[in-house]
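Bear in mind these aren't lab numbers, they're just calculated from the coordinates by the rules spelled out. Quick caveat: nothing in here was measured; it's all calculated off a predicted structure. No Cβ is skipped: glycine too gets one built from the backbone with ideal geometry, and neighbour counts run over all protein chains shown.
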Amino acid sequence: MKNTLGDLNNHLFAQLERLSDEDLNGEALAEEIDRAKAVTSIANQIISNGSLVLQAQRFHTEYKSKDLQKPKMLEG
């Protein structure tokens, strides 16, 4: 599976477009709002995870030594 932050950005804008549909109302609008909340929650976790990986990479770069192993998540 290949997903990038660019893909996430595209999904978020697609969700925004669905929410902006003026023909959407009632139960369909409520369902789309619930979907948007779920997408937002997952997107926040992805962004937090990316920030953590970036912090770990900075730490690894700053304190690099042969005794310090790079986390597997940062490999590849």
query = Pairs under 8 Å by beta carbon, first residue in contact (Cβ under 8 Å) with a residue 60 or more places away in the chain in the stretch 23-49, partner basic (Lys, Arg) and outside any helix (DSSP H, G or I), six or more apart or different chains?
reply = none
remark   = Filter the stretch 1-34 for residues that are more than 18 Å from the chain's Cα centre (by Cα) and not in a helix (DSSP H, G or I); the one that is surrounded by the most Cβ atoms within 10 Å (Cβ to Cβ) is LEU24
